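The values are calculated or read from the model by the stated rules, or taken from the named source; none is laboratory data. Here the structure is a predicted model, which means the values were calculated and not measured. Note that each Cβ is placed from the backbone with ideal geometry, even for glycine, and that neighbours are counted across all protein chains shown. Side chains are part of the model used for accessible areas, which takes the heavy atoms of the whole protein and leaves out ligands, DNA and RNA. Shrake-Rupley method; radii C 1.70, N 1.55, O 1.52, S 1.80 Å.
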Amino acid sequence: MRLEVVESVADVRRAVAEARAGGRVVGLVPTMGALHAGHIRLIERCRDEAGWVAVSIFVNPTQFGPNEDLTRYPRTLDDDLARCRDAGVDLVWAPTPSTVYPSGPNSTWVEVPVLSDILEGASRPGHFRGVATVVLKLFEVVRPDLAVFGQKDYQQQLVIRRMVADLHIPVRIVTEPTVREPDGLALSSRNRYLSPDERGSATILHGALARARDAVRGGETSANRVRQILRNTIESTGSVRLDYAEVADADTLESLERLDPHTRAVALVAARVGSTRLIDNLSLTD
Ligand code: AMP
C-alpha cells in the first residue's frame with residue numbers, strides 16, 4: 001500500500017472511512033515529528049495490533065510554555081515521511097495549527113488536573129492541558145480503535161489513560177517500552193540539541209535510574225533512600241542540573257514512602273543538561 005499524506009480533517013475522515021470499509025482495525029501513533037527509532041518502535045507495535053496505521057505529525061503549540069523550545073523544535077517532515085513509508089504507515093496526518101485549533105488555541109481545553117499538576121506538570125504549567133486537549137482532538141478526528149504511546153513520557157500516557165477512562169472514549173491505549181541508545185540514553189527528539197560533552201553527561205539520567213533499580217532489587221525499601229541515590233548520582237555530574245527525582249506509585253504517581261512487593265513503583269527524573277531539558281523513568285518493580 002502507498003503512504004497517503006493529508007492535511008485536512010475531511011481527508012483524514014475519508015481515509016479512515018475507507019480503511020474501516022475494508023474491515024481494518026485502525027491504529028494511531030501521535031507524534032510531534034523529528035521521528036527516531038523510538039517513534040518507529042511505536043509504529044511497529046501499532047502495525048502488530050492494527051491492520052491500518054495512521055501517524056499524526058504535529059508540533060502542538062499549546063503544550064509548550066512561553067519560554068520553551070516551540071520555535072526551535074526540530075521539524076523534519078521529508079525525513080519523517082520517508083521513515084513512515086519504510087515503516088509501512090498507511091496515513092500521515094500533518095495538520096497546520098489552524099486546522100487543529102480552528103477557533104484559536106484558547107477556545108476549548110481538556111484538563112486532567114490531579115495527574116497533571118505534579119512532576120512534569122509542576123515544572124511545565126499547562127503542559128498536560130495542551131497534551132490532553134490535542135490528543136482528544138486527534139482521537140475525535142481519527143476515531144482509532146487503539147493508540148500507541150511511549151513509556152518514555154510516563155506521566156503523559158497516564159494522563160491520556162485517565163482522560164480516556166473519564167470521558168469514556170472508545171480507544172485502547174497501548175504503552176510501548178522506552179527505546180534507548182546502547183549506553184542507556186533514552187532516544188528523544190531533543191537529544192539533537194546536546195553538544196558532544198552534554199551528550200556524554202546525559203547518560204547519567206539512565207545511570208541513576210539503573211542504580212536506583214539495583215538498590216531496590218538488592219532489598220532497599222525506603223523510597224527516600226532511593227530518591228537520595230537518584231539525586232546524588234545526577235547532581236554529581238557536571239553540566240547536569242536536576243529538576244526532580246521521584247519514586248512514585250506506577251498508576252497514580254503518588255509519592256511513595258516504602259517500596260513493597262504489592263505496589264508497582266516507578267522512578268522518574270528530569271534534569272537540564274546544558275540548556276536542554278531531558279526526562280526519563282524506569283520501573284523499580286518489574
Ligand atoms: P513526541 O514526538 O516526542 O511527542 O513523541 C511521540 C511519541 O513517541 C510519544 O508517545 C512518546 O512517548 C514516544 N517516544 C518518544 N521517545 C521515545 C522512546 N525513546 N522510546 C519509546 N517511545 C518514545
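If you check Leu209, Leu194, Leu158, which single one turns out to be within 15 Å of the ligand (Cβ to nearest atom), outside the structural domain of Gly238 (by TED's automatic domain parsing) and of a type in the set (A, V, I, L, M)?
Working: Leu209 fails: outside the structural domain of Gly238 (by TED's automatic domain parsing); Leu194 fails: outside the structural domain of Gly238 (by TED's automatic domain parsing).
Answer to the selection: Leu158.
Among what's in the range 104-153 and is open to solvent by less than 20 Å² (accessible area, probe 1.4 Å) and not in a helix (DSSP H, G or I), pick the residue that is farthest from Asp166 (Cα to Cα).
Taking the candidates together, the pick is Gly150.
Name every residue in the range 256-271 that is open to solvent by less than 70 Å² (accessible area, probe 1.4 Å) and assigned to a strand (DSSP E or B), in order of residue number.
Ala265, Val266, Ala267, Leu268, Val269, Ala270, Ala271
With respect to the numbered conditions (1) in contact with a helix residue (DSSP H, G or I) (Cβ under 7 Å, 6 or more places away or on another chain); (2) among the β-branched types (Val, Ile, Thr); (3) not assigned by TED's automatic domain parsing to the domain that holds Asp11, which one is the sole condition not fulfilled by Thr133?
Result: Thr133 passes all but (3).
Residues to consider are Ser236, Ser195; find the one that is open to solvent by 30 Å² or more (accessible area, probe 1.4 Å) and at pLDDT below 95. Working first, answer last.
On the way: Ser195 fails: at pLDDT below 95.
Within the list Ser236, Ser195, the selection yields Ser236.
Restricting to the range 135-155, and then to whatever is of a type in the set (A, V, I, L, M, F, W, C) and more than 10 Å from the ligand (Cβ to nearest atom), can you tell me which residue is nearest to Pro113 (Cα to Cα)? Write out each step before concluding.
Just the residues of the range 135-155 that are of a type in the set (A, V, I, L, M, F, W, C), to begin with: 135-136, 138-139, 141-142, 146-149.
Narrowing further to those that are more than 10 Å from the ligand (Cβ to nearest atom): 136, 138-139, 141-142, 146.
Working: Leu136: 15, Leu138: 20, Phe139: 20, Val141: 24, Val142: 25, Leu146: 24 Å.
The residue in question is Leu136.
Of the residues that make up the range 164-172, is at least one within 14 Å of the ligand (Cβ to nearest atom), among the acidic types (Asp, Glu) and open to solvent by 30 Å² or more (accessible area, probe 1.4 Å)?
Looking for residues that are within 14 Å of the ligand (Cβ to nearest atom), among the acidic types (Asp, Glu) and open to solvent by 30 Å² or more (accessible area, probe 1.4 Å), one finds none in the range 164-172, hence no.
Residues that are touching a residue at least 60 places away in the same chain (Cβ under 8 Å): which helices (runs of 4 or more DSSP H) entirely in the range 1-103 hold 3 or more of them?
Numbers: elements: 9-21, 37-49, 77-86, 97-100.
Because the criterion is at least 3 residues that are touching a residue at least 60 places away in the same chain (Cβ under 8 Å), the helices (runs of 4 or more DSSP H) in the range 1-103 that meet it are 9-21, 37-49, 77-86.
Of everything in the range 30-49, what is closer than 17 Å to Val135 by Cβ, near the ligand (Cβ under 7 Å from one of its atoms), surrounded by 20 or more Cβ atoms within 10 Å (Cβ to Cβ) and not hydroxyl-bearing (Ser, Thr, Tyr)? Give them in sequence order.
Pro30, Gly33, His39, Leu42, listed by residue number.
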